[in-house]
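A.B. asks: Input: one structure, supplied below.
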Amino acid sequence: MNRLILIYVAVALSYGAGSQLSFAWFETGTSAAFFPAAGVTLAALLLVERRAWIVVIAAAATAEFSVDLVHDISPASSTGYTLANMVQPLVAAFLITRFTPRVDLSRLRHLVGFLLFGVVVGPLVGAMIGASTFTLVDGNDGWVRFVLEWWVGDGLGALVVGAVILSVLPWAWPKHRSRWAAEAGLLFALSIAATVVVFGFEILPLAYVPVVLLMVAAFRLGTPAVAVIGATTAFLAAEATGRGHPYWDALDVSSVTGLLYLQLTLGTMVATALGISAEVSERERRAITAASAAQFEALANAAPAMLWVTDAANEPTFLSRGWFEYTGEDASGGLLAAWQRTVHPDDLDRTRRSYLAAVSRHEAFAIDYRLRRADGAYRWVLDSGRPRAEHGATRAGYVGSMIDVHERQQSATALKESEGRLRTLFSSIDEGFCICEMIVDEHGRAVDYRFVEVNVLFGVMTGLDDAVNRTAKELIPDLEPVWIDTYARVAFERSPTRFSLASAAMGRHFDVYATPVEPYGCFALVFTDVTEATRAAQALRDSEAAERHARDLAEFTTLVLTEVEAADGVHARARRLVELMVPRLADVAAFEVGADVIASAHHDGAPHDIARILESRDGIAGSDPRAACEVVAEERTAAPDDERVPHSYVTVPIEIGPGRAGTIHLWRNDPERPTFGHDDRDVATGLAKRAGLLLASARVQEHEHETSLQLQQALLPDPAFTHPMIATAARYVPADDTLRVGGDWYDAFVLPTGRIGLAVGDVVGHGLAAAAEMGALRVALHALAHYTDAPGQLLERVDTFAKGPSGTSFATAFFGNLDVDTGQLRYALAGHPAPLLVTPSGRTVWLEGGRSVPLCSVDNPHRPEAAVVLEPGSVLIMYTDGLVERRRKSIDEGFARLEEIAVREKDSSVERICDCLVSEMTGEADSADDVVVLCIRYAPAASTFSRQFPAQPGELALLRSAVREWMSDEEIDESQRFNLLLTLGEACSNAIEHAYRDTGPGVINVKISAAASGDLLVRVDDQGSWWSHAQDARRGRGTSIMRTLARDFERHSNSEGTKVRMIIGKGNA
Amino acid sequence: MTGPLAQVDLQRRGADAVVATLTGEIDGSNIGDVHAAVADGTKGVTKLVLVLTGLDYMDSQGLRWLVQLVVCERERTTIVAAPTSISARTISVAGLTASLGVVADVPEPAAPGDAHRD
C-alpha cells in the first residue's frame, strides 16, 4: 500500500514538473514542442505491474488537470487534454508490454518496440485527442498542425525522458562501472558544452558536435548514457528555443517551425543513438556468450568427465574432449551419430526413450547404459542431464555428463541379478515386494512415489489393486507423509532402512524393509502385513490378564488337589474339598452322596443349614440338582436384610468310584459376588473330576485298609469271649501303629472239657510277617488245645507244629486251662514271662512253674506243667514282655511295677486293670515292642445245681421239678426260667432219646451254675455219642430251640460222649 | 405216669365238635399218651379245638405232635394258646405260631359253656 502511495506521489510530482516546464518553455497557446511529462507517464507504466497502472494514471491525471487549470485552460479543455495525455501512455504501454514484457532498451528488439509504440504510436493517438479538444472544445483551427506539434513534442518527451528513466534503473547498468562512469561523465560534459555553444553562442557549424558525442556514447557507453545525453541535449535545445534565441532565424524558418525541425532531428538522433547502442550491446552480449561457451568447452574438455550439450531439438551440439578420448570416436556424421555408435545396441533404444521421456517432462534424468570404450569394451556409464537454464527460452536443450560407473555397475548388476532371484523368491514367499520410483516437485521435494513393479502378494498385503504405474497418492489419497519422507531418504540418501509402522489411511500395519535400487530415486520394499500379528500381540497383551487368571485357577486347582490328597479317607477328603471351594468358588459348598450330605462348608455370613438349602434348592429356577452340571442364576428376590439367601447355584457331578456318584452343590449368597458363570462351572467341574479320582482312590485305600484290619482282626481271638465264671479283659498294643496286630497274641476259649483255655504268646519280630506267624501259631494252639488238657503236652504239640512247613522261627508262649468249678489252673510256660496271680487279699504269686524253652528253639524239649488253684476273686495277669521291658530299665523294675499296679487295682474291674497296666507301664511313647495284656478274674458260681440221672424219658419231669425247686432259691426271673427249663429239657431229651440207643441206658449229668452276673452256665454231659448231622436233622427243632434261647450254645461230641454247654443269660429272651 | 404229668379234658360241643383242654406238662415221655387221649376222644368229630394255654411245659416233642396233628387233620383242628402261655412261647420260639394257626381264644360257636348247656 505504501508503495502505491509512493508511486502516486512520485508520478504526480514528476508529471507536474515536466508539464510545468513545458508550459514555461512554450507559452504560446499551442502544443508543446517538447513535453517531458509524456516520458514520465510511459516510463512509470512500464516499470510498475499492471494492477498499479491505475495509480499511475490517477497521479498523472491529477497533475495534468491541475496544471491545465492553473494555466487558465477551461475545465472542458483540461478534461480533453487530460484524456489525451492518459490514453496516449496507456496505449503505448499496452502495446510495448505485449511485445516485450520487461523492457530492456539495450536490446534492439526491446528498443524497437519502445520507439514504435511508445514514441510513435502512443503520442500520435494522444495528439489526435488533444487536437480534437483544441479545435472542437476551444474552437481553434489547425488540427493537423496541432497533431504534428503534439506528436513531436510528446514523442520526444517519451523518448528522452522515458529512456532515461528506464535506462538508469539498476538492472540496466553495466557491471564494469568505474571506467564506464568516467567516460560517460566526459561525454556528458562535452555534450552539454557543445549544445550550449551551438544554441547559446549561435555557432552553427558546431551543431554536429552533440550528434557525434551521442554516437560515441551509443557505441561506447550503451543506452543509458545515450538516453541521458540525448535528454540533456533535448532539454537545452528546448530551453534555448523557448527563450527565443535567434538560431532558427539564421535558418530562415519561424521559431516554431524551427523547433519542430529541431525536435524531429533530436528525436531521430537519440533514437538512432539508442539503436546503435542497443546493437552494440547485442553484439557485446553475443561476444561474451561465445567467450563463455569457449571457456565451458575448455573446461569440459579438460575435465575427466564426459560432458555434453543438446539443443532445443534434442540434437547434441557439444561433446567434450573427454568423451572423444574415452570413446576414440570422431565427429564424422555428426555428434548424434557419433553418440549412437558408442552406445551398446541393447541399451540404445531404452536410453533414447528414457532421455526423451525426461525431456518431455522437462525433468532431470539419470540413465545408465553401456558405452563402448576406445578399446572396444563396453563400460557402464551413468549419464545424467538437466535442462539448460536459458533466459527467455522454455526449451533450451540439456546439459549433462557421463561417468564411468562400470565397477559400481558390476556390483549393481550382481545386485540386480540377486534381486531377480529375490523377486522369484519373494513371489513364492509370504512377503510383499515392490519397486518404486520417487516423484519430486519443482523444488526437488519428494511428494509421491510410483509403483514400478509389484509381486503377487503386494495386492494381498496392501489391498491395492493395479498398483503398477500408479502413484501412492493416487491409490491412497490420505497416505501419511511419513511414508513418503521415509522412502525419500532411502531413495535419495541411498541407505536401506527397516521399520514397522501402521498406516491409518491403509488400515494396516507393515513391517518394511526399504532399500535403494538403481536408478537413482528408486527404491525397493519388502514388507509384510503384520496387522493381524500386531492385533494378535495386542490380543495377547489383553489376554495376559486372562492368562494370569487362568494361572491363578491352575494354582488354585493344584492347591485344592494337593490338600485333598493330603487328607486321609473319603470323608476327610470330601470335607477338605468343599472347605477349599469356600470362599474361592462359592459361599456355601456341600458334598452329597446319595441323599446324605457327607461334607459341607460355608463362608462367614453364608447360610450353614445345608439341609434347608438343599430342600429349598428345588425352588431355585426349578433345577434338578442331580442333573448334569448346570448353572442357575436366580433373580435376587430376597429382601435386603436377608442377604443370606443364595442367589446363584451350581451343581457338579463327581464320580467317586465305579458306579458311585456324588454331587457337589455350590451356592453364592454374597450380593457383591457375581452369579456363577460358565467359567466357574468349568473350574468346579475340573476340580470335581480330579478330586473325584482322589476320593475314589481314598475309597479303595479305605477298603484295603478295612480288609487289612479285618484280616488282622482274624488273627486275634474273638473279643466276644465271655464266661459266666471268668471276667476277661485284654489289651493289644502293636508296636507298629499302622497295624492292629504284631507278633504277640492272646487267646481265651472254652475247651471241650469245660475248662477255659488261656494263652499268651510272642512271636519274635513285629510287623505283618510276625503277625502272620502269630496268627498261625494262635490258631494251632487253639485247635490243638481241644485234644489235651495237659498244657505242657499242648506246647509240645504246638512246638512240633511250629517247626513244620508253616511254622515260625522263634516264639514264647504261656498256656493254661482253668477249671471254672474248682479254680484249678494247669499251666506251662515256653520261655515266657511268668503270669502274675493276685488274690483278693492282695497276695501275689508269680506263676513260675512249668517252665521250658521257647518254641522252636531246641528239638523235642521236655515241657513240664504246673498247677495252681485260684481263689475265687483272684486276678490272673498274663502278658508279653513288651509290658515289662523298657529301654534303659531293668526288667525287674518292670515286674515290680506290674506287681505294684496289680495289687493296687486288685479290686478293680479287669478292664480297668488292663487300662492301668497299659497306660502306666507303656505310657512312655518309646515302646518298641508289641504289648499284650490278658487279665481274668475268677468268679466261680455262687450256686450250682447238679444232678445225675438215668437216661430215661421219665426222668425229665423229675429233673424239671428239681430245677424248679433250685430256681426258687435263686434270683431268676420268669423268662430265664422258661428258657432254662426248655433248653435243658431239649438237651436232656436229646441225650435220652439218642445217646444210649445202642448201649442201653446210661447216665446224664446236668450241671447248672449261677454266675455272679446272673447268667446260668448249663452243662449236660452224657457218655453216648448220639449226635450226628442226620440225627440233628431229625432233632432239629430241639437244637433250634437251644440255639435260639441259649447264648454260646456248644456241643462237643466224641468217643467219650457228648457235652452240651450253653449259657442262659439273665434277661435273655 | 400220664396222669400226673398231663391232663386231657375233652368236652363235646354238639354232635361233631370237641374242645380238648391240655394241662400239666408235655415232653417226650407222655406225648404218645396225650396224642392217644386226644385222638380217642375226638373220633368222628369234625371239629377239634385244642386248648394249650394251661400247659406248664411243652418241649419240642409236643411241637412235633402239634405239627403232625395240624398237617393230618387241618380241616378240623384249631389250636388255642394264650399269647403269654408257656405253650404259646414255645411255639413262638420254634417259629410255628402262624403255620400252626394258633389262636388266642376258643372260637365262639364252640365255646365250652355251650356244650355243657346242651
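The values are calculated or read from the model by the stated rules, or taken from the named source; none is laboratory data. Every value quoted in this text rests on a predicted model; they were computed, and no experiment measured them. Every residue, glycine among them, receives a Cβ derived from its backbone with ideal geometry; neighbour counts consider all protein chains shown. Heads up: the accessible areas ignore ligands, DNA and RNA and are worked out on the full protein's heavy atoms, side chains in. Shrake-Rupley method; radii C 1.70, N 1.55, O 1.52, S 1.80 Å.
A.B. asks: Cut-off 17 Å, label point 7 angstrom out along Cα-to-Cβ of A:Gln793: give me the residues of region A:745-784 whose amide nitrogen falls inside.
C.D. replies: A:751-758, A:781-784, by backbone N distance to the label point.
A.B. asks: Sticking with this structure for a sec: Could you work out, for chain B, what percent of all Cα-Cα pairs fall into each 10 Å distance bin, beginning at 0 Å and stopping at the bin that holds the largest distance?
C.D. replies: 15, 51, 31, 3
A.B. asks: Within 10 Å of each Cβ in A:972-985, how many Cβ atoms from other chains are there, averaged over the peptide?
C.D. replies: Details: counts 0, 0, 1, 1, 0, 0, 5, 2, 0, 5, 8, 2, 1, 8.
Mean partner shielding for this stretch: 2.
A.B. asks: Continuing with the same structure: Quick one: angle between helix B:31-41 and the longest Cα principal axis of chain B, in degrees between 0 and 90, rounded to 10, please.
C.D. replies: 10 degrees
A.B. asks: Once the Cβ-Cβ distance between A:Phe99 and A:Glu325 is put in as r, and R0 is 35 Å, what FRET efficiency do you end up with, to the nearest 0.05?
C.D. replies: It comes to 0.15.
A.B. asks: Answer rounded, prolate or oblate for region B:14-57, using the Cα gyration tensor with square roots of eigenvalues a ≥ b ≥ c: rounded when a/c is under 1.5, else prolate when a/b is larger than b/c, else oblate.
C.D. replies: In terms of gyration-tensor shape, oblate.
A.B. asks: Let a ≥ b ≥ c be the square roots of the eigenvalues of the Cα gyration tensor of region A:754-910; is it rounded (a/c under 1.5), or, if not, prolate (a/b larger than b/c) or oblate?
C.D. replies: oblate
A.B. asks: Sticking with this one: Could the peptides A:366-375, A:4-13 be put in order, highest first, of the mean number of other beta-carbon atoms found within 10 Å of their residues?
C.D. replies: Highest mean packing first, the order is A:366-375, A:4-13.
A.B. asks: Still on this model: Which residues of region A:939-962 bury at least 40 Å² of accessible area once all protein chains are present, versus their chain alone (1.4 Å probe)?
C.D. replies: A:Arg960
A.B. asks: Okay, moving on. Set the Förster radius R0 to 45 Å, insert the Cβ-Cβ distance between A:Glu279 and A:Thr62 as r into 1/(1 + (r/R0)^6), and round the FRET efficiency to 0.05.
C.D. replies: 0.70
A.B. asks: Right, something else. So how much accessible surface do B and A hide from each other in total, probe 1.4 Å, in square angstrom to the nearest 100?
C.D. replies: Summing both chains' loss of accessible area gives about 1600 Å².
A.B. asks: A follow-up question, please. Which residues, if any, in region A:1037-1067 lose at least 50 square angstrom of accessible heavy-atom surface (probe 1.4 Å) when the other protein chains sit next to their chain rather than the chain being alone?
C.D. replies: Relative to the lone chain, where solvent access is computed with a 1.4 Å probe, region A:1037-1067 loses at least 50 Å² at A:Arg1037.
A.B. asks: Ok, one more. Just grab the label-to-label distance for A:Leu6 and A:Ala502, each label 7 Å out from Cα along the Cβ direction, in nm (one decimal).
C.D. replies: That separation, rounded to one decimal, is 5.6 nm.
A.B. asks: Considering only A:Val119, A:Trp151, A:Leu166, whose Cα is most displaced toward the positive end of the charge dipole of region A:63-202, charges sitting on Cβ of Lys, Arg (+1) and Asp, Glu (-1)?
C.D. replies: A:Leu166
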